[in-house]
Amino acid sequence: MKYTYLLILFFTVIICFIASFDKRIKFNKQFIPFLKAAIIVAIPFIAWDIWFTNHGVWWFNENYTIGLNIGPLPLEECLFFIFIPFSCIFTYFCIDKFFKLEWTSAFNNIIVFVSIIVCSLIALLHYDKIYTLITAIVTIFTLIYLHFIVRVKWIGQASLVFTILMLGFFPVNGVLTGTGLESPIVNYNPNDFLGIRMLTIPIEDAVYGYSQFLLVLFFFKKFEIKD
């Protein structure tokens, strides 16, 4: 039972890790670039995680963790910011390598504008819910920076891949938030989020994951070793 969170991370990453050494993929050459990107993004996200945990926005069921903590966070929660992005970036890398998805760039503007408008409205209407508010603000600034400042061309492609990744998001985050368990591994203060759940998963988790994915991908592309 204490290894539950660790096993979730292990099974999330192990197939992608093994496949990285496939001669057709060669993602193993990108391990260092990926780690650089993941750590850069993990630092502010872990700081956010620590602040929320200290203020009771969410907390962790120690029955499902091995008992090693970094501040208020279980070790597994810190590893989450490396293991989950690894599987996400690996998936993007493979899809980008084997499929031509340049056509998705035609949707960049609509994805960005709709997302910013929706997040802005939610932030204004639910400014009293700290998880909802911060998630919306981070997503808004992430999209503004990527689309209007550094002008990346791959937001449409990344959004399509993230939609595909939702197939893995549901079982992983589902277990973390209580699916199939007597009690959730991660518990949320009902006063701090919208209360809209996809099965057991707060909708904010998906938006949070989207922003994290975009930022890790941005830095990964900067450090990526080209063939």
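The values are calculated or read from the model by the stated rules, or taken from the named source; none is laboratory data. In this text the structure is predicted, and so the values were computed from the model without any measurement. Ideal geometry is used to build each Cβ from the backbone, glycine not excepted, and the neighbour counts take in all protein chains shown. Areas reflect the complete protein model, heavy atoms only, side chains present, ligands, DNA and RNA absent. Shrake-Rupley method; radii C 1.70, N 1.55, O 1.52, S 1.80 Å.
What the table below lists for this structure:
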{"quantity": "Heavy-atom accessible area order for ASP22, ASP227, ASP96, largest first, 1.4 Å probe", "calculated": "ASP227, ASP96, ASP22"}
{"quantity": "Whole-number accessible area per residue in Å² for the chain, which is evaluated in the context of all protein chains at 1.4 Å", "calculated": "51 Å²"}
{"quantity": "Projected label distance in nm at PHE11 and ILE196, using a 7 Å step from Cα toward the beta-carbon", "calculated": "3.0 nm"}
{"quantity": "Heavy-atom accessible surface of the chain: percent carbon and sulfur, 1.4 Å", "calculated": "71 percent"}
{"quantity": "DSSP H segments from the chain that extend 20 Å or more along their own axis, Cα-based, with Kyte-Doolittle mean of 1.0 or above", "calculated": "4-19, 31-54, 75-98, 108-125, 130-144, 155-176"}
{"quantity": "By accessible area with a 1.4 Å probe, ligands and nucleic acids excluded, highest first: order of THR200, THR177, THR163", "calculated": "THR163, THR200, THR177"}
{"quantity": "Extension gain from ILE203 to ILE117, taking 0.36 nm per residue of separation minus the Cα-Cα distance", "calculated": "29.3 nm"}
{"quantity": "Extension gain, PHE141 back to THR163 (0.36 nm per residue minus Cα-Cα distance, nm)", "calculated": "5.9 nm"}
{"quantity": "Trypsin sites (Lys or Arg not before Pro) within region 80-173: DSSP coil, no more than 16 neighbouring Cβ in 10 Å", "calculated": "LYS100, ARG151, LYS153"}
{"quantity": "Per residue Cα convex hull volume in Å³ - calculated over region 72-172", "calculated": "130 Å³"}
{"quantity": "Mean ellipticity per residue at 222 nm, deg cm²/dmol - from DSSP H runs of n ≥ 4 across the chain, formula -39500 (n - 2.57)", "calculated": "-21000 deg cm²/dmol"}
{"quantity": "Loop trypsin sites (Lys or Arg not before Pro), region 1-91, which have at most 15 other Cβ atoms in a 10 Å radius of their Cβ (DSSP)", "calculated": "LYS2, LYS23, ARG24, LYS26"}
{"quantity": "Loop-located chymotrypsin sites (Phe, Trp or Tyr not before Pro) in region 125-158 whose Cβ has at most 14 other Cβ within 10 Å (DSSP)", "calculated": "TYR127"}
{"quantity": "Reported label for calculated Kirkwood radius over Cα pairs in Å given [x] 18.3; [y] 17.2; [z] 19.0", "calculated": "[x]"}
